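Chemist: Got a structure here, written out as structure tokens. Questions coming.
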Amino acid sequence: MGRTRILILGGTTEARALGEAIAPRFDFDVMLSLAGRTADPLPLPVPVRLGGFGGIYGLATFVKQQRIDLLIDATHPFANRISANAAAAAKIANVPVFALRRDAWTPVKGDRWQSVETVQSAVSALGQSPRRVFLAIGRQEAHAADAAPIHHYLVRSVDAVDPPLLAPDVNYLLARGPFELNGELRLLRDNRIDVIITKNSGGAATYAKIEAARLLGIEVMMVERASAADVPSVGTVEAALRHIDHLVAAAMKRGV
């Protein structure tokens with residue numbers, strides 16, 4: 001059996017860490033695919049493919065043409081369409097697939113969470129009195145705030161929101177995580193934030209704002225995850241490495 005060809009659908013800290021862990025291994029041939037939504041992605045130690053595949057059948061065709069042996073969905077927990085496409089494409093291409101999906105955050109004592117299904121419902125739940133909102137959802141859905149222009153918004157994203165929001169009172173902050181607690185406390189205090197809208201992305205890189213909100217008694221509108229694609233899933237890079245080794249060992253026993 002030759003080198004195992006692995007395609008990682010990435011865009012997360014975990015995808016990067018998995019690629020870095022696999023790169024030195026001579027028994028694996030790894031490619032990491034990025035959707036290309038971030039203008040200046042950080043360099044990676046494995047070959048990178050940028051851009052979409054053209055849906056389920058485009059991804060399935062790519063997997064077949066590149067003779068991929070294993071597909072790993074390490075996309076963002078809110079990249080529901082990509083995850084569903086990965087599950088379907090793996091079935092068509094007849095290759096194993098699993099997801100590397102970090103665990104969701106859960107509220108602890110002192111948190112003031114209001115769980116909502118969408119960013120739009122979070123914006124609607126802000127109410128009719130002007131509030132100072134930290135919009136920590138990235139740039140893709142930031143324009144949902146235009147539906148409630150009476151509020152002040154602080155929008156943080158890796159890349160610029162373009163075009164800008166139509167809401168009249170908006171400040172923009174370009175920053176890439178991970179973020180630390182003292183910095184988040186300072187950010188919330190300096191901007192007099194009284195509510196945060198964020199997605200339940202999980203992981204440690206952006207959790208500091210949740211801790212800071214707890215310490216300052218700030219309300220959090222938490223956009224919860226939709227149901228994930230029905231594929232095997234692991235929660236850590238270490239578990240992903242074990243699962244890869246298990247799948248490869250099983251394939252070798254079958255003589256694949």
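The values are calculated or read from the model by the stated rules, or taken from the named source; none is laboratory data. A quick note: this is a predicted structure, and the numbers were derived from the prediction, not measured. Cβ: placed from backbone, ideal geometry, glycine included. Neighbour counts: every protein chain shown. What goes into the accessible areas is simple: the full protein's heavy atoms, side chains included, and nothing from ligands, DNA or RNA. Shrake-Rupley method; radii C 1.70, N 1.55, O 1.52, S 1.80 Å.
Chemist: State yes or no: is Asp194 under 22 Å from Ser124 (Cα atoms) and of a type in the set (Asp, Glu)?
Modeler: For Asp194, the condition - under 22 Å from Ser124 (Cα atoms) and of a type in the set (Asp, Glu) - is met.
Chemist: Residues that are at pLDDT 95 or above, exposed (fewer than 15 other Cβ atoms within 10 Å of the Cβ), under 24 Å from Ile244 (Cβ atoms) and over 20 Å from the mean Cα position of the chain (by Cα): does the stretch 94-111 have at least one?
Modeler: Looking for residues that are at pLDDT 95 or above, exposed (fewer than 15 other Cβ atoms within 10 Å of the Cβ), under 24 Å from Ile244 (Cβ atoms) and over 20 Å from the mean Cα position of the chain (by Cα), one finds at least one in the stretch 94-111, hence yes.
Chemist: Let me ask you something else. What are the pairs, 6+ residues apart or on separate chains, where a residue within the stretch 163-181 that is in contact (Cβ under 8 Å) with a residue 24 or more places away in the chain and outside any loop (DSSP other than H, G, I, E, B) has its Cβ under 8 Å from a residue that is of a type outside the set (Asp, Glu) and open to solvent by 50 Å² or more (accessible area, probe 1.4 Å)?
Modeler: Close Cβ pairs satisfying both conditions: Val170/Pro164.
Chemist: Name the pairs: first residue in the stretch 103-119 and within 17 Å of His76 (Cα to Cα), second residue of a type in the set (Phe, Trp, Tyr) and surrounded by 15 or more Cβ atoms within 10 Å (Cβ to Cβ), Cβ to Cβ under 7 Å, at least 6 apart or on different chains?
Modeler: Trp105/Tyr207
Chemist: Would a scan of the stretch 81-93 turn up a residue that is surrounded by fewer than 16 Cβ atoms within 10 Å (Cβ to Cβ) and closer than 20 Å to Ala250 by Cα?
Modeler: Yes, the stretch 81-93 contains at least one residue that is surrounded by fewer than 16 Cβ atoms within 10 Å (Cβ to Cβ) and closer than 20 Å to Ala250 by Cα.
Conditions tested, residue by residue: (1) touching a Phe, Trp or Tyr at 6+ places or on another chain (Cβ under 6 Å); (2) surrounded by fewer than 20 Cβ atoms within 10 Å (Cβ to Cβ); (3) more than 18 Å from Leu247 (Cβ to Cβ); (4) not assigned by the TED database to the domain that holds Val161.
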site: Ile8; (1), (2), (3), (4): no, no, no, yes
site: Leu18; (1), (2), (3), (4): no, no, no, yes
site: Met31; (1), (2), (3), (4): no, yes, no, yes
site: Val46; (1), (2), (3), (4): no, yes, yes, yes
site: Ile56; (1), (2), (3), (4): no, yes, yes, yes
site: Val63; (1), (2), (3), (4): no, no, no, yes
site: Asp69; (1), (2), (3), (4): no, no, no, yes
site: Thr75; (1), (2), (3), (4): no, no, yes, yes
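Chemist: Still on this model: Have a look at Glu184, Glu180 and point out the one that is buried (at least 19 other Cβ atoms within 10 Å of the Cβ) and of a type in the set (Asp, Glu).
Modeler: Going through Glu184, Glu180 in turn, the sole match is Glu184.
Chemist: His151 is checked against (1) open to solvent by 30 Å² or more (accessible area, probe 1.4 Å); (2) at pLDDT 95 or above; (3) closer than 25 Å to Ser115 by Cα and fails just one. What number does that condition carry?
Modeler: Answer for His151: the failing condition is (1).
Chemist: Across the stretch 204-256, what is the total count of residues that are in contact with a helix residue (DSSP H, G or I) (Cβ under 8 Å, 6 or more places away or on another chain), part of a helix (DSSP H, G or I) and not assigned by the TED database to the domain that holds Phe78?
Modeler: 7
Chemist: Looking at the stretch 152-162, which of its residues are closer than 19 Å to Lys199 by Cα and either in contact with a Ser or Thr (Cβ under 7 Å, 6 or more places away or on another chain) or assigned to a loop (DSSP other than H, G, I, E, B) (or both)?
Modeler: Val158, Asp159, Ala160, Val161
Chemist: Kindly evaluate Phe98 against the criterion of being in the same structural domain as Thr206 (by the TED database) and either without any contact (Cβ under 8 Å) to a residue 40 or more places away in the chain or in contact with a helix residue (DSSP H, G or I) (Cβ under 8 Å, 6 or more places away or on another chain) (or both).
Modeler: Answer is no for this residue.
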